[in-house]
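Structure first, then comments.
Nothing in this text is a laboratory measurement; each read-out follows from the coordinates by a stated rule. The model shown is predicted, which means the values in this text are computed figures rather than measured ones. No Cβ is skipped: glycine too gets one built from the backbone with ideal geometry, and neighbour counts run over all protein chains shown.
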2 protein chains.
Amino acid sequence: MTLEFSRRGRALVGQEMFLVLERAKKIEETGAHVYHLELGNPRQAPPRELLDKAVDALSHRHVGYTYSAGLPVLRQGVASYFQASTGRALTEANVAISPANLLITQFLELTCDPGDRVVLFSPAFPTYWASADYVGLEIIDVGLSAAHGFDLTNDAIDTALAARPRAIIVNSANNPTGAVYRREALERLAGECERRGIWLLSDETYAEVSFARPFFSLAGLGLPHVLVIGSFSKMFSVPGFRTGFAVGDAEVIGKVSLSTSTLISCLPIFTQMGCAAGLRRLDRYTAGVRARCAHATALCDAELSRSAALRRVAPHAGFYFLVDIVATGLDDMEFAHRLLEERHTAVTPGRSFGPTWDRHVRIATCGRLDDVLEGTRRLVAFAESLVKVA
Amino acid sequence: MTLEFSRRGRALVGQEMFLVLERAKKIEETGAHVYHLELGNPRQAPPRELLDKAVDALSHRHVGYTYSAGLPVLRQGVASYFQASTGRALTEANVAISPANLLITQFLELTCDPGDRVVLFSPAFPTYWASADYVGLEIIDVGLSAAHGFDLTNDAIDTALAARPRAIIVNSANNPTGAVYRREALERLAGECERRGIWLLSDETYAEVSFARPFFSLAGLGLPHVLVIGSFSKMFSVPGFRTGFAVGDAEVIGKVSLSTSTLISCLPIFTQMGCAAGLRRLDRYTAGVRARCAHATALCDAELSRSAALRRVAPHAGFYFLVDIVATGLDDMEFAHRLLEERHTAVTPGRSFGPTWDRHVRIATCGRLDDVLEGTRRLVAFAESLVKVA
């Protein structure tokens, strides 16, 4: 008897990136070194206070259940952080703790029914696509362009609103482009959404790593239809903690917490205690991370500039470059595949960020700097070899 | 503008148990002691090897991403464990790591579409109800009875199959009744499900704490429609690790892993390394836990026997009693509320386990033994006071 899955079960298919990862692992098993530019897996040490606190809590057996909405000290810490950075009064009731990746699905499920429309400004983080497919939404793909520096333009906002979606996801600072959107554009988008009753998810995961443009958070507007999410993964270089947060209207946060209760009960106590300790020295820590991001970005940009076949927009934030490879004549899958086989360098195919981005690849610059630079040089040399042949 | 949530968003409502917990906290804030018999939060120390390994891994900064399907060493460890206990050959491909609570929703979503029927044998674990409501399923409530020791009878199986459901959830050893079902009944249910293409979730979370009847795992049958889940929470007394596992057909496990990838990416590495270390000394550890469960159960049973107003079935496993309070004249909510207010003892209202169980309360015996026994005495005294008044 064949196995009959549900519509959601059938909608689940593997991501292209994992094919790259598996092949990279096979090459490594032969003893060869692979340059990993495909994953946004920060290698920087997390704050000492964070790690010490988590280790201490785990050693002292804080291994029981806790609140679905999150540990009060951490919710309060996140509220204070946003209050300090936005000037808006926020309390524990405005904060829920949950894995940041799960919060994407939680948001879409709480606000949209199957068949509803959701707008993604592409290129867009792969989980948005996977989650919207999984939930059964119609995705309206509003493309941003390199010509405008991948900025959120008024035209893009107009196109998004004209689709009359049930929800929109906006992501500044952006993965994969590194663009930080301007305050006026974000305020306009959020204001229009609130006026029209469109739900808006503002994914601010990379807020703390904006180095070239001031970051603006939508948490300061206090609009009930706007849910802000962020992740300690990137803020503190602890992606394996799987701990993030949502900030928003108390009624919406209540729904998020109920959803967390139903899906996963709660998150571990010791990781939350660690994150709360980390928040107390956030400024010093992220200043260092930002400096490192800016440095790695500048060095990679210099390498990438050596090939006229590779075009890119200088990022404002984070540790990604979205590289246009159209001049090489290869699509993203073939480019990524051959770069891995021939030059032992792994990158992410552009189609992971939306179907129209299949002439791009993403590189992540957050690995060991030597490795990142050598991988980038190999990417450049590979692109040049393609252009010469052509 | 009022906030309009999706159908799923509207389906989320708070559980009765959390109202009890909140009120208990308020009482504790006045400085009073509350006897907690409401939560299955094991207080026993986890295996030393498990905790040491997790602490060591965290200290050494194993805080990056890992595989969505789980850490290979842990998947292999779970496969070996089931192979040893069932005699069936199993590999890593038959195992996915995910929070056990989330696996309930993952199973229902992968196998059922909104409107499909799912059978629950009640009384049944609250998350089954919450998750099925959330997914939008029609719940067929097949009640088990104290008269048959809450056993899974052939009649109950016939009723379940006659409903022609898309999926069935079975839970042996059972929460809240402590019943361990007989091998013949479980094999018949699983065989009929496979023959008819009905998906079966076998929640075996309490397998390792069966002390009064041999436990039989459905993982040994190798039926593609049967997915077994379990949790390190109860196996190793680390509920805060939020780490569980699914065992089944490789194709189904592949879907579960894709679902995990979409929803939460992966679980932490250090908790998985800890669980893998714990598996290597599982036998010694769970022998101690079983002895403790049997001991606490016997002592509580002796206390409960002092009131003719309280009826219960002796559990075969775990650390719960489902107590029939119909003779007290109160329903579960009023009983639980007054027991908390008047005797500072918290229990779980029976309706948490299904709408027909509102003349029962559940007590958990896994807390500190002194507290559990004093709480049980208070429950007995309260019941007696009600009967005397009546």
Note down the net charge around B:V361, summing +1 for each Lys or Arg and -1 for each Asp or Glu among other residues with Cβ under 14 Å from its Cβ. +1
Could you give the distance between the Cα centres of region B:137-198 and region A:240-293, to the whole Å? 40
Net charge dipole size for chain B [Lys, Arg +1 and Asp, Glu -1 on Cβ; Debye, nearest 20]: 660
Just A:G115, A:G77, A:G230 to compare: in a GNM of chain A, with alpha carbon springs under 10 Å, which one fluctuates most? A:G115
Compactness of region B:254-351, expressed as Rg and Dmax over alpha-carbon positions, Å: 20.1, 52
Taking the inverse of the average 1/r across all pairs of different Cα atoms in region B:1-72, what Kirkwood radius in Å do you get? 17.6
Just need the Rg to Rh number for region B:158-241, please, alpha carbons only, Kirkwood Rh. 0.99
What average count of beta carbons from other chains do you get within 10 Å of the Cβ of residues in A:13-21? 2
Set Lys and Arg Cβ to +1 and Asp and Glu Cβ to -1, take the dipole of the protein assembly as shown about its Cα centre, and tell me which of A:L12, A:S68, B:F5 lies farthest positive. A:S68
So which residue, out of B:I264, B:I139, B:I97, gets the largest mean-square fluctuation from a GNM of chain B using Cα contacts under 10 Å as springs? B:I264
Going through region A:198-274, which GluC sites (Glu not before Pro) have at most 14 other Cβ atoms within 10 Å and a DSSP loop state? none
Could you work out the mean projected area of the convex hull around the alpha carbons of region B:161-303, in square nanometres to one decimal? 10.3
Region B:1-82 - charge dipole about Cα centre, Lys and Arg +1 at Cβ, Asp and Glu -1, debye rounded to 20: 260
Seen from all sides and averaged, what is the projected area of the convex hull of the Cα atoms in region A:48-281, in nm²? 11.8
What is the percent of Cα-Cα separations in chain B that go past 40 Å? 14
Return one number: the angle in degrees, 0 to 90 and rounded to the nearest 10, between the long axis of the Cα atoms of helix A:183-196 and the longest principal axis of the Cα atoms of chain A. 60
Counted charge near A:N94, where neighbours are those whose Cβ lies closer than 14 Å (Asp, Glu -1; Lys, Arg +1): 0
If R0 = 22 Å, then B:E192 and B:A84, at their Cβ-Cβ distance, give a FRET efficiency to the nearest 0.05 of 0.20
Region A:272-312 pair-distance distribution - Cα-Cα, 10 Å bins, rounded %: 25, 30, 22, 17, 7
Cα axis of helix A:72-86 to longest principal axis of chain A: angle in degrees, 0 to 90, nearest 10? 70
List the distances, in nm to one decimal, from the label point of B:I27 to the label points of the same position in every other copy, shortest first, placing each label point 7 Å from Cα along the Cα-to-Cβ direction. 6.4
Under unit Cβ charges (Lys, Arg +1; Asp, Glu -1), what dipole magnitude, rounded to 20 debye, does the protein assembly as shown have relative to its Cα centre? 1200
Measuring nothing but label to label, 7 Å from Cα along Cα→Cβ, what are B:E384's distances to the other copies in nm, shortest first? 9.1
Put +1 on the Cβ of every Lys and Arg and -1 on every Asp and Glu Cβ in region A:48-281; which of A:T111, A:A132, A:A84 then has its Cα farthest towards the positive end of the dipole? A:A84
Estimated [θ] at 222 nm from DSSP helical runs (n ≥ 4, -39500 (n - 2.57)) normalised by residues in the protein assembly as shown, nearest 500: -14500 deg cm²/dmol
Please report, to two decimal places, log10 I(q)/I(0) for region B:28-166 at q = 0.09, 0.12, 0.16, 0.18 Å⁻¹ as given by the Debye formula with identical point scatterers on the Cα atoms and no solvent. -0.49, -0.84, -1.18, -1.22
If each Cα of the protein assembly as shown is one equal point scatterer, what is log10 of I(q)/I(0) from the Debye formula at q = 0.08, 0.10 Å⁻¹? -0.67, -1.04
Inter-part gap, Cα centre of region B:85-133 to Cα centre of region B:4-59, in whole angstrom, is 22
Who wins for biggest fluctuation among B:E28, B:E194, B:E109 in a Gaussian network model of chain B, springs between alpha carbons below 10 Å? B:E28
Toward the positive end of the charge dipole of region A:48-281, about the Cα centre and with charges on Cβ (Lys, Arg +1; Asp, Glu -1), which of A:P224, A:N174, A:T205 goes farthest? A:T205
What FRET efficiency comes out for B:R183 versus A:R48 if R0 is 51 angstrom and r is the Cβ-Cβ distance? Round to the nearest 0.05. 0.45
Just to confirm the numbers: B:S59, label point 7 angstrom along the Cα-Cβ line, distances to the other copies in nm, shortest first? 0.7
Quick check: pseudo-label points 7 Å beyond the Cα along Cα→Cβ at A:H148 and B:R311, how many nm apart are they? 7.2
What is the antiparallel percent of DSSP beta bridges lying wholly in region B:48-282, to the nearest 5? 30
Excluding B:L137 itself, what net charge comes from residues whose Cβ is under 11 Å from its Cβ, given Lys and Arg +1 and Asp and Glu -1? -3
